[in-house]
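The values are calculated or read from the model by the stated rules, or taken from the named source; none is laboratory data. Values in this document were obtained by computation on a predicted structure and should not be read as measured data. Here the Cβ is made from the backbone with ideal geometry for all residues, glycine too, and neighbour counts use every protein chain on show. Areas reflect the complete protein model, heavy atoms only, side chains present, ligands, DNA and RNA absent. Shrake-Rupley method; radii C 1.70, N 1.55, O 1.52, S 1.80 Å.
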Amino acid sequence: MPVGAKVVLVFLPSKPPWSATFVGTSIERMTITFITGANKGLGRETARRLIECGHTVLVGARNREQGEEAAAALGARYVPIDVTDDASVAAAAANVAAHEGRIDVLINNAGVHGPVGDPGDLTAADAHAVLDVNVIGVIRTTTAFLPLLRRSDDPVIVNVSSGMGSLALTHDPARAESRVVVPLYTASKAALTMLTTQYAKGLEGIRVNAADPGYTATDLNGHSGPQTVTEGTDAIVALATEGPGAGTGRFVSRDGEIAWS
């Protein structure tokens, strides 16, 4: 084995919905992954699992105390970022450029819930607050980190979307997604999934996919979801650990690819 080479175990999901092509070993340079909203919930669990897979993980978070605590506990590096602030996002990209020089995987995980129930009470301020994180924040972050991604041999973007943005799932009475009214969250996730397909078409040489974590117990839903955070991160981690040549423009859950509508 060459000096300095690292054996990296390719991700094996906690529930095996994918083919055996995900499983094996390879000798490659360390993968550097930046995750927004990584101080808790799905973001933190994604960070933990990717570190176990051999990734160098950068914990992006707005709250410095929580971000530093998460990074220290996980064995990661904390990078301050507020995805709603142009200057903060630019500073985060500059921070990574100065320390790591590139990233291989960008996981746009930061998200907010917004109002629940009667949409008749929504205000423009409500809409701006949710879209500024869930959609515009993804655009800010992606644009700022593209130069760092383009220094990678195999750049990947994973957008954490939701089946709550699917027409099919929110109209299926057998699905939990059909039994709640969360107007701005659902609208933002529909927009994010479509934005993912456009990035996939337009960003040559970069794989861009969306993950649906499923109904997972996190702060976002008062820990009411039936899935654990480990189960909820299966699709995210799978997309972040695929090898070169994997598909782009897909919407993937832990059970496999979703024909989004």
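Some notes on this structure:
- Scanning segment 1-38 for residues being modelled with pLDDT under 50, among the hydrophobic types (A, V, I, L, M, F, W, C) and not in a strand (DSSP E or B) gives a total of 10.
- Restricting T196, T142 to residues that are out of contact with any Gly (no Cβ under 9 Å at 6 or more places or on another chain) and outside any strand (DSSP E or B) narrows the list to T142.
- Residue count, segment 136-152 (criterion: open to solvent by 20 Å² or more (accessible area, probe 1.4 Å) and either in contact with a Ser or Thr (Cβ under 6 Å, 6 or more places away or on another chain) or under 20 Å from A187 (Cα atoms) (or both)): 3
- Answer from G41, G60 - the residue that is in contact with a Ser or Thr (Cβ under 9 Å, 6 or more places away or on another chain), modelled with pLDDT under 95 and within 25 Å of A238 (Cβ to Cβ): G41
- Test set (1) farther than 27 Å from M30 by Cα; (2) touching a helix residue (DSSP H, G or I) at 6+ places or on another chain (Cβ under 8 Å) - D121 fails condition number: (2)
- Number of the exception - T141 against (1) over 13 Å from the mean Cα position of the chain (by Cα); (2) within 17 Å of S88 (Cβ to Cβ): (1)
- Residues within segment 235-261 that are crowded, with 19+ Cβ neighbours inside 10 Å and either among the acidic types (D, E) or assigned to a loop (DSSP other than H, G, I, E, B) (or both), tallied: 5
- Condition met for V158 (over 26 Å from T56 (Cβ atoms), in contact (Cβ under 8 Å) with a residue 12 or more places away in the chain and not in a helix (DSSP H, G or I)): no
- Set side by side, the residues G67, G41 differ, and just one is farther than 22 Å from A144 by Cβ, within 17 Å of the chain's Cα centre (by Cα) and open to solvent by less than 40 Å² (accessible area, probe 1.4 Å), which is G41.
- Extreme residue, nearest to R150 (Cα to Cα), among residues of segment 179-206 that are open to solvent by 20 Å² or more (accessible area, probe 1.4 Å) and among the basic types (K, R): K201
- Within segment 89-112, considering residues that are without any contact (Cβ under 8 Å) to a residue 60 or more places away in the chain and open to solvent by less than 30 Å² (accessible area, probe 1.4 Å), the one nearest to V130 (Cα to Cα): V89
- Subset of segment 228-245 [at pLDDT 95 or above and touching a strand residue (DSSP E or B) at 6+ places or on another chain (Cβ under 6 Å)]: I236, L239, A240
- Where L169 falls short, out of the listed (1) at pLDDT 95 or above; (2) open to solvent by 10 Å² or more (accessible area, probe 1.4 Å); (3) outside any loop (DSSP other than H, G, I, E, B): (1)
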